[in-house]
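For reference, the structure is listed below as structure tokens.
The values are calculated or read from the model by the stated rules, or taken from the named source; none is laboratory data. Just so it is clear, the model here is predicted, and its values are computed rather than measured. Every residue, glycine as well, gets a Cβ built from its backbone with ideal geometry; the counts of neighbours run over all protein chains shown.
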Amino acid sequence: MNTYREQPSVSLYSNRSSFKWVVLGISLIISAGSIIYTDQLVKQIREREKKQIDLYARTLEYLTNESDAPNQIFILEEIIQANNTIPVILTNEFGEPEYYRNLPKADNLKDAAKGAYLREEISNMKAERDPILVTLVDDDNQVYGYKHIYYKSSYLLVQLRYYPYVQLSIIAIFGLIIFTVFNYSRTAEQNRVWVGMAKETAHQLGTPLSSLIAWVEYFKETFPDHRDIFLELQKDVDRLEMITERFSNIGSVPQMREENMYEVVRDVISYLEVRISKKVAMTVEAFPNEDIGCLLNKPLFAWVIENIIKNAVDAMEGKGRIDIRVMRINHGQVAVDISDTGKGIAKHRVKQVFKPGFTTKKRGWGLGLALTKRIVENYHGGKIFVKHSEVDKGTTFRILLKT
């Protein structure tokens, strides 16, 4: 309908937005620090486990080659059997497992299954770390065989590796909760602002409107020969009354009734035709017929149609064509397409036209389409969107409501 641009405005939420980014920045710093610290810790534990297994291998080699070494029992218990965390498999020089430790799953398997499981673990351990070679020598210091010690990271080390990701997930979930709560509170506050502004506007309109009603009645009685003029004036006063009612009802639960959608749109067109430029042609069609019922609040929905048409007239600069199609479509829905031959909306602006603050008028507040969206989606449970738009050719808005 038009190339919308954002007018300079005072943000009510700049401080809160800054606070949100500060919280995000602190969270990222904490996350990065935690990852770096945990990575260093994992490296240190990994190196310590390697040294522990090296000691394990040297001790095994010593006990095997020095049968008369003193304190064998102490060495066996304090070094080899004291390993209760690191999974270890001892094999002969042909790779057949002879001994294992800290593999609880193997304890519950029978011989054949246990052998297959240990060989599979050996393959996995070999991929993770190089095995440690244990050289066997006899009393004459001659090599008579070899053994290999395969090992992998302890369960604690594995947990530490995944800990940063778990921590990041928790921080992300926490951040998402904060972001959701922030947006919800912001939306709720915005709603209160709009409702307060609307009700105050209705209140301020009440006094001059009452005066206008009295003056119209006075003119009808005083100048009966100009009754046609006063009838049109009466229509405008009635329109002001309806607008006042619309504003006063914002924030309240609207009363929904079964209405003929075509007739509602037709009434709006009839009122606007004599009040807009004669160079703007307006048509309204209904498919498959004019009997299209829909549950809606007539004053509020008429406001929606009026807002979109007025925006279209502004976009066409008082010259062009507006076509409205009311249709019953699938899934029990009624569609209203409002097309104009205006300036169109740039693609990068299409998703922003319903946000408060976007307007083409120098003195506009940019609230028309924002309120339109609120009426359609919040009050009527429908949907409104830009169906199609092309710069310098025009725009089509579509409204969807349930029947």
* Asked: When the residues of the stretch 320-344 are filtered to those that are of a type in the set (A, V, I, L, M) and over 11 Å from GLY394 (Cα atoms), which remaining residue is surrounded by the most Cβ atoms within 10 Å (Cβ to Cβ)?
  -> VAL336
* Can you confirm whether the stretch 301-314 contains a residue that is assigned by TED's automatic domain parsing to the domain that holds SER270 and farther than 28 Å from LYS278 by Cα? => no
* Given the structure, is SER248 surrounded by fewer than 16 Cβ atoms within 10 Å (Cβ to Cβ), under 29 Å from GLY196 (Cβ atoms) and at pLDDT below 90? -> no
* Structure fact -> Checked the stretch 109-150 for anything more than 16 Å from GLU61 (Cα to Cα) and not charged (D, E, K, R); matches are LEU109, ALA112, ALA113, GLY115, ALA116, TYR117, LEU118, ILE122, SER123, ASN124, MET125, ALA127
* Asked: Do any residues in the stretch 199-219 that are assigned by TED's automatic domain parsing to the domain that holds LEU233 and closer than 15 Å to ARG239 by Cα have Cβ atoms under 7 Å from those of residues that are in a helix (DSSP H, G or I) and of a type in the set (Asp, Glu), where the two are at least six apart or on different chains, and which pairs are they?
  -> LEU209/GLU241
* Asked: Being of a type in the set (Gly, Ala, Ser) and farther than 30 Å from ILE375 by Cβ, is that true of even one residue in the stretch 181-189?
  -> no
* **Subset of the stretch 373-395 [within 17 Å of GLN333 (Cβ to Cβ) and not in a helix (DSSP H, G or I)]** => HIS380, GLY381, GLY382, LYS383, ILE384, PHE385, LYS387
* Where LEU160 falls short, out of the listed (1) surrounded by 12 or more Cβ atoms within 10 Å (Cβ to Cβ); (2) part of a helix (DSSP H, G or I); (3) more than 52 Å from the chain's Cα centre (by Cα) -> (3)
* Asked: In this structure, does ALA302 turn out to be of a type in the set (A, V, I, L, M), over 29 Å from the mean Cα position of the chain (by Cα) and not in a loop (DSSP other than H, G, I, E, B)?
  -> yes
* Asked: Among the residues of the stretch 266-278, is any in a strand (DSSP E or B) and either within 38 Å of the chain's Cα centre (by Cα) or touching a residue at least 60 places away in the same chain (Cβ under 8 Å) (or both)?
  -> no
* **Enumeration of residues in the stretch 139-171 that are more than 22 Å from GLU49 (Cα to Cα) and in contact (Cβ under 8 Å) with a residue 60 or more places away in the chain** => GLN167, LEU168, ILE171
* Which residue out of TYR144, TYR100 is surrounded by fewer than 11 Cβ atoms within 10 Å (Cβ to Cβ) and assigned by TED's automatic domain parsing to the domain that holds GLY25? -> TYR144
* Output the number of residues of the stretch 209-268 satisfying the condition of being within 26 Å of LEU401 (Cβ to Cβ) and among the acidic types (Asp, Glu). => 7
* Filter the stretch 205-234 for residues that are within 25 Å of GLU245 (Cβ to Cβ) and among the charged types (D, E, K, R) and give the result. => GLU217, LYS220, GLU232
* Structure fact -> Flagged pairs (Cβ under 6 angstrom, 6 or more apart or on separate chains; first in the stretch 19-48, surrounded by 15 or more Cβ atoms within 10 Å (Cβ to Cβ); second hydroxyl-bearing (Ser, Thr, Tyr)) are THR38/TYR163
* **Cβ pairs under 6 Å, 6+ apart, first in the stretch 362-380 and under 17 Å from SER248 (Cα atoms), second at pLDDT below 85** => LEU367/PRO356; TYR379/PRO254
